[in-house]
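**Q** Here you go, one structure.
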Amino acid sequence: MISAKPTVQIDNDRVRVTEWRFAPGAATGYHRHEMDYVVVPLVDGRVRLVEPAGTREVQLHAGVSYSRQAGVEHDVINANDHEFAFVEIELKG
């Protein structure tokens, strides 16, 4: 499987900001979020989420943010035929 490309933009005592870029079919790999976080999509597109309860697809829109609490477990996969990207902001402490 193709790996998504993370680029950490900021990492200090309060936040970690990471830009994630996904080629078609690329994935983050299964992981658990240890911090609350906000995602800001940079383009419109679909992601496939592989979660403990199963797999689902979600449509995301550029600039329309969402937040999740620590503890989320999933693999995030680009379900588009074009590059997909978002910025993830993790909230520390």
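The values are calculated or read from the model by the stated rules, or taken from the named source; none is laboratory data. Given the structure is predicted, the values throughout are model-derived calculations rather than measurements. All Cβ positions, even for glycine, are placed from backbone atoms using ideal geometry, and neighbour counts span all protein chains on display. These accessible areas exclude ligands, DNA and RNA; they are computed on the full protein's heavy atoms, side chains included. Shrake-Rupley method; radii C 1.70, N 1.55, O 1.52, S 1.80 Å.
**Q** Show the residues, 5+ positions off or on another chain, whose built amide H is closer than 5 Å to the amide H of Val72.
**A** Amide H neighbours of Val72: His33.
**Q** Just how large is the dipole of the chain about the Cα centre, in debye to the nearest 20, putting +1 at every Lys and Arg Cβ and -1 at every Asp and Glu Cβ? Please list the in-between numbers first.
**A** Details: 10 positive and 14 negative charges, 4 e Å.
So the magnitude is around 20 debye.
**Q** Ignoring ligands, DNA and RNA, please state the percent of accessible area on the chain from carbon and sulfur, probe 1.4 Å.
**A** Working: 2730 of 5350 Å².
That share works out to 51 percent.
**Q** Can I ask one more? Taking the DSSP beta bridges in the chain as the whole, what percent of them are antiparallel, to the nearest 5? Each step should come with its number before you reach the end.
**A** Numbers: 37 of 38 bridges.
Antiparallel: roughly 95 percent of the beta bridges in the chain.
**Q** Can you check what the net charge comes to around Ala79, using other residues whose Cβ is under 13 Å from the Cβ of Ala79 (Lys, Arg +1; Asp, Glu -1)? Before the final figure, lay out the partial values.
**A** On the way: positive: Arg46, Arg48, Arg56; negative: Asp44, Glu57, Asp75, Asp81, Glu83.
Every neighbour counted, the sum reads -2.
**Q** Here's a follow-up. If the elastic network links every pair of Cα atoms under 10 Å, which of Ala79, Ala23, Ala62 fluctuates the most in the Gaussian network model of the chain?
**A** Ala62
**Q** Cβ under 10 Å from Ala26's Cβ, Ala26 left aside: what net charge do those residues give with Lys, Arg +1 and Asp, Glu -1?
**A** Values: positive: Lys5, Arg21; negative: Glu83.
Taking every other residue near Ala26 into account, the sum is +1.
**Q** Another question about this same structure. Sticking to Cα atoms, compute the Rg of region 1-83 to one decimal and its Dmax as the biggest Cα-Cα distance, whole number, in Å.
**A** Computed over the Cα atoms of region 1-83, radius of gyration and Dmax are 12.6, 37 Å.
**Q** Now, a different point. For region 1-44, just the Cα atoms, rotate onto the principal axes and tell me the three extents in Å, largest first.
**A** 33, 23, 16
**Q** Continuing with this model, one more query. Around Val15, which amide H atoms from residues at least 5 apart in sequence, or from another chain, sit under 5 Å from its own amide H, with H modelled in the peptide plane?
**A** For Val15, the qualifying residues are Lys92.
**Q** How much net charge surrounds Ile2 when only the other residues with a Cβ under 15 Å from the Cβ of Ile2 are counted, with Lys and Arg +1 and Asp and Glu -1? Mind dumping the intermediate values first?
**A** Values: positive: Lys5, Arg21, Arg48; negative: Asp75, Asp81, Glu83.
Neighbourhood net charge equals 0.
**Q** Just to confirm, what accessible area per residue do you get for the chain at 1.4 Å probe, in whole Å²? Mind dumping the intermediate values first?
**A** On the way: 5350 Å² over 93 residues.
So the chain comes to 58 Å² accessible per residue, rounded to a whole number.
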